[in-house]
1. Quick one: with all protein chains in place, what share of the accessible area of region 1-118 is carbon or sulfur, to the nearest percent (1.4 Å probe)?
2. Excluding residues fewer than 8 places away in the same chain, name every one of the lysines whose C-alpha is closer than 18 Å to that of Lys95.
3. Taking the Cβ of Glu45 as the centre, find all other residues whose Cβ is under 14 Å away and add up their charges (Lys, Arg: +1; Asp, Glu: -1).
4. Step by step: find N for region 138-189, compute 2.2 N^0.38 Å, then divide the Cα radius of gyration by it. What's the final number?
5. Among the lysines, select those whose C-alpha is under 19 Å from the C-alpha of Lys115, and discard any that sit fewer than 8 residues away in the same chain.
6. Net charge within 9 Å of Leu88 by Cβ-Cβ distance, Lys/Arg positive one each and Asp/Glu negative one each, not counting Leu88 itself?
7. Just add up the charged neighbours of Arg8: K/R +1, D/E -1, any other residue whose Cβ is under 13 Å from the Cβ of Arg8.
8. Evaluate the distance, in nm, between pseudo-label points positioned 7 Å from the Cα of Asp212 and of Gln24 along their respective Cα→Cβ axes.
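The values are calculated or read from the model by the stated rules, or taken from the named source; none is laboratory data. All of these numbers come straight from a predicted model, not from anything done at the bench. Using ideal geometry, Cβ is built from the backbone for each residue, glycine included, and neighbour counts are taken over all protein chains shown. Note: accessible area is taken over every heavy atom of the protein model, side chains too, but ligands, DNA and RNA are not part of it. Shrake-Rupley method; radii C 1.70, N 1.55, O 1.52, S 1.80 Å.
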Amino acid sequence: MKPVAIFRHANTEDPGYFATFLSQHGIPWMLVKVDQGQPLPQQAEDYGGLVFMGGPMSVNDDLPWIQQELDLIQQAVKREIPVLGHCLGGQLMAKALGGEVRKNPVKEMGWGEVKVEDNPAAREWLENSPNSFLSFHWHGETFTLPPGAARILSGPWCENQAFALDRHLGLQCHVEMTRELIKSWCETGAREIAANLGPSVQTAQAMQEDLDNRVSLLNRIADKLYSRWIKGLKS
């Protein structure tokens, strides 16, 4: 089986629960540390799937690796190699596939409710899930839906929380979170939290309340999304 390539853009934004999920299912994976200057693959077809994690930068920034990743996403979609994006990764997917990425009206940070849309794509990716659930958020930009994509998750502070396009999944919210990641982000992002407190931004204390239970419930949602995604992996 070809490995899944996971692209990391910041050393605080490891794949978290997604890596655990792959290992539990016996799926090989490799981490491309873009944040450390590791060279990017040239060919998407060398991998069973491509996964793009988050990061503090914008897909509209003039960074050399951004265009390379956009090209890889386009390659993968053309060859029916499944692509998965988390936050920045979802924005990269949207831009590569014809959508736009721009500033969201507000920053969204911490736990917040997202709604499962009532459409065939949402039912396929989130079968037998609750109509809404608490996900974790940490972003200031948002994407428009690329042509042909269906919105499967929405939220009150950011309308487009996830889209599906055939075997590909772009997420704005963070379903990959673990207890350790959340605690780390609360520490490294303390100044950003303090500067943006409001209805869409929680305190670090609020983010860590009932943490084990919230993470456990989020893992169950991630299991459904990731289980659907790995069905398309190339061998």
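1. Working: 2300 of 5060 Å².
Heavy-atom surface of region 1-118 belonging to carbon and sulfur, 1.4 Å probe: 45 percent.
2. Result set, ordered by chain and number: Lys78, Lys103.
3. Working: positive: Lys2, Lys78, Arg79, Lys234; negative: Asp46, Asp71, Glu80.
Summing Lys and Arg as +1 and Asp and Glu as -1 gives +1.
4. Numbers: Rg = 13.0 Å, N = 52, 2.2 N^0.38 = 9.9 Å.
Taking the Cα Rg and dividing by 2.2 N^0.38 Å, one obtains 1.32.
5. Lys107, Lys224
6. Details: positive: none; negative: Glu13, Glu141.
Charge balance near Leu88 sits at -2.
7. On the way: positive: Lys33; negative: Glu13, Asp14, Asp35, Glu69, Glu176.
Result for the local shell: -4.
8. 1.7 nm
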